[in-house]
1. Per-residue mean of other chain beta-carbon atoms within 10 angstrom of the beta-carbon, peptide B:77-90?
2. Need the full-extension length gain, B:Gln206 to B:Thr228, defined as separation in residues times 0.36 nm minus the C-alpha distance. One decimal, nm.
3. Magnitude of the Cβ-charge dipole of the range B:172-251, K/R +1 and D/E -1, about the Cα centre, nearest 20 debye?
4. Could you work out the mean count of beta carbons from other protein chains within 10 Å of each residue's beta carbon in A:166-175?
5. Work out how far the C-alpha atoms of the range B:172-251 reach from end to end along every principal axis, then list the three figures in whole Å, largest first.
6. Go through A:115-122, A:192-199, A:69-76 and give me the packing order, highest mean Cβ count within 10 Å leading.
7. Largest first and in whole Å, what are the equivalent-ellipsoid semi-axes of the range A:81-142 based on the Cα gyration tensor, each being the root of 5 times an eigenvalue?
8. Set the Förster radius R0 to 56 Å, insert the Cβ-Cβ distance between A:Arg61 and B:Tyr194 as r into 1/(1 + (r/R0)^6), and round the FRET efficiency to 0.05.
Number of protein chains: 2
Amino acid sequence: MTAAMSHYDALDFGTIDQGTTSAPDHEGANLSVRELTRLLHIDYPDEAWLARTAFALRRVREGEALIRAGDKFHSLYIVRSGCFKTVYTDFSGSEQVLGFPMCGDLMGADGIDGGHYSSTAVSLDTSEVVIVPLASLARLVSECPSLEALLYRVLSRELVRVQNMAWTLGTLGAEGRVAAFLLSMSARLGALGYSRCSFNLRMTRQEIGSYLGLKLETVSRALSALNTAGIIQVHQRSIDIVDAAALRGVIDPAAGAPEGIVPHPGSAAAPGGVKDGRCARKPRSQVPPGRAWRELAAA
Amino acid sequence: MTAAMSHYDALDFGTIDQGTTSAPDHEGANLSVRELTRLLHIDYPDEAWLARTAFALRRVREGEALIRAGDKFHSLYIVRSGCFKTVYTDFSGSEQVLGFPMCGDLMGADGIDGGHYSSTAVSLDTSEVVIVPLASLARLVSECPSLEALLYRVLSRELVRVQNMAWTLGTLGAEGRVAAFLLSMSARLGALGYSRCSFNLRMTRQEIGSYLGLKLETVSRALSALNTAGIIQVHQRSIDIVDAAALRGVIDPAAGAPEGIVPHPGSAAAPGGVKDGRCARKPRSQVPPGRAWRELAAA
DNA sequence: CGGTAAGTTGAATCTAGTCAAGAAACGTGG
DNA sequence: CCACGTTTCTTGACTAGATTCAACTTACCG
């Protein structure tokens, strides 16, 4: 484990004092796995083990790149606070935003296969991430195999998210995309305990547009249109959702969306729903720490 | 393992005769893991173990649905031959195509997190898939932990693929999308040993359009345009790529595309792949999990 | 041979992009 | 606290590109 440690990882994985239960907030501190599972909204069985293990944290300033496309893959990251954007940068300079990872979201998984990250992750404000170094995963998993199920699930969740994104880009017009974006933000922030109907965006119109495959002017127009329609209230980056149902109606004039594009907060999620991928996490019954896949199979 | 077996899985995981080296071709037959790794284009170290393990196969007729969105997640599938489409179906009837899994591609991974598949997989011709039942993964992995690295990588690869798709939809116009699609097909078929410049599409214009976020007429027009430009030669579903460079130029007028829009995994796996020639550990003694990540770390 | 599904092509429409100007917010330094 | 420049956002007029509607051709399958 010591071998493959990179300079800035500040890896400090290992056993920590039993007393240290709550997660510290300063740079270089550790985060317990218990906190991690809470962050990911995935229940985790091995309570005893949880208290003994921790991950390093890292603070990332606004505008700073945590991951750069092309860098050698060495760690996964989970956002603990703040907000990022992940981008492809074609070397003519222009960016394509792929996502806005927020609290509980995974970053860096695209580097597993190729051995190099394929996208860049830039912080949109002062953020904090949990570092999960590749080098320590081996040890982690050997100490608590059921951790693997967690990783599989996080990867799967990310996959579903990106698929939903492809759906949005493929089928919706400008207003629909913006509406979907707002509802998504609403649900994600709601799941984190913030207000679902009133929040502040952290990203520019340019970045939203890039994410949605639109130009910034179009985003602005769409927001204005929704505003004058009385569905939302926009003032710069502050958003108030006045009529969430109407907003969903914009996406899906004929009742079409395959259930989870727009995360319905707390919906019972009919079987088959794609689900939000963030809120409706089904509580897993206490399973003895065993093989990852056996756990998944039990569900 | 017997418990969670579904009726049609015909799961027959386990030890097979040493003599049975080559993969059988008929329904219900088994596929060795050696063949599986070959299929996935991922190198795999444990030669001894490879020969002793096998997966069930299933034949899927044209138009038949292998997976239905909403079904309970029970298995992963890897395409062995033929071609599928994966779709979201909004209950107003219209489909959105998410991908065209072909030989070596994974299907069903979107069901891991939520416990239910989120998309439907329909065969576009008579296909054959490798069934990887959830219930047997636990056992599989315990017998040869390095198999996990393989799964992580396949998931990661799929993630990158969908991200590239999002990029395509977000930034390219109609012709660019069609060009990217053709190049992607070309590369994928090439990696499978078929001709890179002359092939037959298995999907309709409608399906291509749905996949690319375009209408069928637009796809047709784009193909015609590329045809009259002398870049390709189209006749119904038969495609001949006359000038691949020009085709790339359509995507990227100003030399922009990020590394791998087209490249489908499989071919020349990026530097730093899971090589790790040694792992000749006898699988009989329970190897602690975690080897998977250690292997990835070794790259 | 006839019926159906798939593909091509044309003309009109509409959506989002482009170009351009101006307004509002933010940060910095006086 | 205010003046200033910069960035971000909004809005309008015009254009390019994709969709829509529709006719027609071609392949496919009994």
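1. The shielding value for this peptide is 2.
2. 5.8 nm
3. On the way: 9 positive and 5 negative charges, 34 e Å.
Around 160 debye, computed over the range B:172-251.
4. Details: counts 14, 9, 4, 8, 13, 8, 1, 0, 0, 0.
Mean shielding count: 6.
5. Result for the range B:172-251: principal-axis Cα extents of 31, 23, 22 Å.
6. Numbers: A:115-122: 22.2, A:192-199: 14.0, A:69-76: 18.8.
Per-residue Cβ counts within 10 Å, averaged per peptide and sorted highest first, yield A:115-122, A:69-76, A:192-199.
7. On the way: eigenvalues 109, 56, 12 Å².
Whole-Å semi-axes of the equivalent ellipsoid: 23, 17, 8.
8. On the way: r = 50 Å, r/R0 = 0.88.
Taking R0 as 56 Å, the efficiency between A:Arg61 and B:Tyr194 is 0.70.
The values are calculated or read from the model by the stated rules, or taken from the named source; none is laboratory data. All values derive from a computational prediction rather than experimental measurement. Here the Cβ is made from the backbone with ideal geometry for all residues, glycine too, and neighbour counts use every protein chain on show. SASA here: full protein model, heavy atoms, side chains in, ligands and nucleic acids out. Shrake-Rupley method; radii C 1.70, N 1.55, O 1.52, S 1.80 Å.
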